[in-house]
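*Asks:* Structure incoming, see below.
The values are calculated or read from the model by the stated rules, or taken from the named source; none is laboratory data. Since this is a predicted model, take the numbers as computed values, not measurements. Here Cβ is always computed from backbone atoms with ideal geometry, including for glycine, and neighbour counts include all displayed protein chains. Remember, those area values only see protein heavy atoms, side chains included, never the ligands or the DNA or RNA. Shrake-Rupley method; radii C 1.70, N 1.55, O 1.52, S 1.80 Å.
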Amino acid sequence: MYDLHNIQATVQQTAEAIAEVLKIEVEIADEKLVRVAGTGQCADKCGQRMDEGFVYHHVLTSGEAMIIDHPGFHPLCKPCRYYQNCSEKAEVAMPIKVDEQIIGIIGLICFDAEQGRRLMSQTDSLLRFLGKMAELVAGKIVENYQKRQQEVVMNELMTILNLLHDGILVVNEEQLVNNMNKSALKMLNISEKIPFHLDHIIECQRIWKGILKNGCFSGQISPKKGHSQLFCDAVAIKTMGNLEGAVIMLKDFQQVQKLVKEATVSGIATEFPQIIGESSKMRELKEVAQRVAPSNATLIIEGASGTGKELFARAIHQSSNRKNYAFIAINCGAIPENLLESELFGYEEGAFTGAQRGGKLGKFELAHKGTIFLDEIGDMPLHLQVKLLRVLQERCVERVGGSRLIPIDVRVIAATHQNLEKLVVTGEFREDLYYRLHVIPLMIPPLCERKDDIPLLAQSFLNHYCRLLGKAVLSMTPDVYDCLKKYTWPGNVRELGNVIEYVSTMAVGDVVTLDMLPRRIGNPMPLHNKIQSLKIVDLEREAITKALAIASEMGHKDEAAKLLGISRATLYRKIREYHVVEIKKFD
């Protein structure tokens, strides 16, 4: 662990200093009795082992200093070949200790009687002096060892940091960059030698303000060279509450978006040729969608559930100039209202209880230069509709708990299965947002209006599920196709896909026959058992009428609203909307 050879120059200087003061020759050896330094006759023997060092060996073993006044006649000298014929007149040996470990020895050697008399006349002060010199050497060896350990740790850390794709900067309290990894050099395109001021490479005022106020910073920054946009995370370094500096991590924003894009890619087809449909309505719809795809115009895609609204949104994105950036889809009706705002717009650290350290990027920021698909836009709460309108108009977002506007370049494609015009009339959807979204509306027809596409869709689904199941591709009898075309398909293409998955799984043999279809498809109910209408309007009107009739004896609408699972205000609105007249019994 501790090795005198690592500080050989210092050890030699120490030996020469002792010799100069005492006018006596000096040699210093390690724990293996290999000379590290020497003066006079000992100078030429550095690097050699002391074969006759019996006194030194005893001192290394005992740990105690020794003074030999008659070398060659001392009992320790008996094994030596120069016993009783030694050229030395006196000898002193002082161990060098570090943490109670003996790592070497300092030896004084007198080759004439005068040196011997002078040495023996002041033994007490001499031993104290040598003890201090031994401590000096020990301190230097410890200092060297600690320095080497720090260098090892630093090299290990730098090796780790250089393996990271993120740029890392270490700055002190004066905002001077003291260290950085290779990724940071590349991102920032800099050649400055360390140390240099952080302001030379990035606009650091916002970063340092966040560090001083909150102990951290998170957000987009624009470097003065190199990349046009970086994402920055900074954390303060504090000792006993005092700011010592900060560690700054830089991410290539385009790389972040690339990872987001890869994470949001699904198995859904994203090219227009993959959208199956040769009916006149579908051909016309695909032609319009392909024409508007290259533009940056906001789109609204309308259509019943299961018609393929997200499929068209992905195809439009893939045919646009934004295809190399993220496509992020978010269902506005599937996320709780209290979480939707932070999902869309992100939040700053401390914005609410449970907010993660450093804050969080919202979906709009992650979709920068790409496309965001807002499905079920009709379910978005009114207060978020206001914020969305501002994003569409100003092309900036403001995080929850934040006060600064973050510029974004995002194309918005919205989708809904609801009638937004009616929601505008009832006050459930903002009129200004409605017109802002309806720049280019696309209406996807339900499957019952494009029945000529059913055989193509059915065969495509059949091929897909047979491959997944490891089966030979099945075929369908003509009566199966006829049956599929006669069915009304309230679940549209999604329901058709589920039916084909069912028959692909359950089929025995190579052909799908009529009896293999689900009962609701292949064996429909008799006409007199069918519901008169499957229209949502008719079903809701009938349900409201029945609920009002059941609750009429209680004399108030609250009971009817409970039976229907809606609020009293919604019940009033639907009574007016559907012209339900059986309400005179109520208040």
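*Asks:* How about region 231-269: which of its residues are modelled with pLDDT of 80 or more, crowded, with 18+ Cβ neighbours inside 10 Å and acidic (Asp, Glu)?
*Replies:* 233
*Asks:* A further question on this structure: Residues that are in a helix (DSSP H, G or I), touching a Ser or Thr at 6+ places or on another chain (Cβ under 8 Å), open to solvent by less than 50 Å² (accessible area, probe 1.4 Å) and in contact (Cβ under 8 Å) with a residue 60 or more places away in the chain: does region 360-379 have at least one?
*Replies:* Taking every residue of region 360-379 in turn, at least one turns out to be in a helix (DSSP H, G or I), touching a Ser or Thr at 6+ places or on another chain (Cβ under 8 Å), open to solvent by less than 50 Å² (accessible area, probe 1.4 Å) and in contact (Cβ under 8 Å) with a residue 60 or more places away in the chain.
*Asks:* Select the strands (runs of 3 or more DSSP E) contained entirely in region 31-146, then report the ones holding at least 2 residues which are within 17 Å of residue 2 (Cα to Cα) and under 57 Å from the mean Cα position of the chain (by Cα).
*Replies:* Correct list: 35-38, 90-98, 101-110.
*Asks:* If you scan region 380-400, which residues turn out to be open to solvent by 10 Å² or more (accessible area, probe 1.4 Å), over 20 Å from residue 325 (Cβ atoms) and either among the small types (Gly, Ala, Ser) or not in a strand (DSSP E or B) (or both)?
*Replies:* Residues satisfying the conditions are 381, 382, 383, 386, 387, 389, 390, 393, 394, 398.
*Asks:* What residue, of 321, 338, is open to solvent by 60 Å² or more (accessible area, probe 1.4 Å) and not in a loop (DSSP other than H, G, I, E, B)?
*Replies:* Being open to solvent by 60 Å² or more (accessible area, probe 1.4 Å) and not in a loop (DSSP other than H, G, I, E, B) holds for just one of 321, 338, which is 338.
*Asks:* Additional query: Pick from region 1-24 the residues that are out of contact with any Leu (no Cβ under 9 Å at 6 or more places or on another chain) and assigned to a loop (DSSP other than H, G, I, E, B): which of them is most open to solvent (accessible area, probe 1.4 Å)?
*Replies:* 1
*Asks:* A follow-up question, please. Exactly one of these conditions fails for residue 150: (1) assigned to a strand (DSSP E or B); (2) of a type outside the set (Phe, Trp, Tyr); (3) more than 19 Å from residue 236 (Cα to Cα). Give me its number.
*Replies:* For residue 150, the exception is condition (1).
*Asks:* Further question: Pull out all pairs, ordered by first then second residue, where Cβ-Cβ is under 7 Å, the residues are six or more apart or on different chains, the first lies in region 559-573 and is among the β-branched types (Val, Ile, Thr) and surrounded by 14 or more Cβ atoms within 10 Å (Cβ to Cβ), and the second is at pLDDT below 80 and part of a loop (DSSP other than H, G, I, E, B).
*Replies:* Sorted first by the residue in region 559-573, then by its partner, the list stays empty.
*Asks:* Do you know which residues across region 25-54 are β-branched (Val, Ile, Thr) and either open to solvent by less than 10 Å² (accessible area, probe 1.4 Å) or farther than 13 Å from residue 106 by Cα (or both)?
*Replies:* Selection gives 26, 28, 36.
*Asks:* Contact list please: Cβ distance under 8 Å, first residue in region 462-491 and in contact (Cβ under 8 Å) with a residue 12 or more places away in the chain, second residue among the acidic types (Asp, Glu), pairs at least six apart or on different chains.
*Replies:* Within 8 Å, the pairs are 465/501; 472/510; 474/510; 475/510; 489/495.
*Asks:* Condition (residue is crowded, with 18+ Cβ neighbours inside 10 Å, in a helix (DSSP H, G or I) and at pLDDT 90 or above) applied to region 404-417: is it met by at least one residue?
*Replies:* Among the residues of region 404-417, not one is crowded, with 18+ Cβ neighbours inside 10 Å, in a helix (DSSP H, G or I) and at pLDDT 90 or above, which makes the answer no.
*Asks:* Next question, about the same structure. Consider region 500-547. How many of its residues are modelled with pLDDT of 85 or more, open to solvent by less than 50 Å² (accessible area, probe 1.4 Å) and not in a loop (DSSP other than H, G, I, E, B)?
*Replies:* 5
*Asks:* Let me ask something additional. Does residue 440 satisfy the criteria of being surrounded by 15 or more Cβ atoms within 10 Å (Cβ to Cβ), out of contact with any Ser or Thr (no Cβ under 9 Å at 6 or more places or on another chain) and not small (Gly, Ala, Ser)?
*Replies:* So residue 440 fails the test.
*Asks:* Could you please find all residues in region 473-499 being in contact with a helix residue (DSSP H, G or I) (Cβ under 7 Å, 6 or more places away or on another chain), in a loop (DSSP other than H, G, I, E, B) and open to solvent by 50 Å² or more (accessible area, probe 1.4 Å)?
*Replies:* Those that are in contact with a helix residue (DSSP H, G or I) (Cβ under 7 Å, 6 or more places away or on another chain), in a loop (DSSP other than H, G, I, E, B) and open to solvent by 50 Å² or more (accessible area, probe 1.4 Å): 473, 488.
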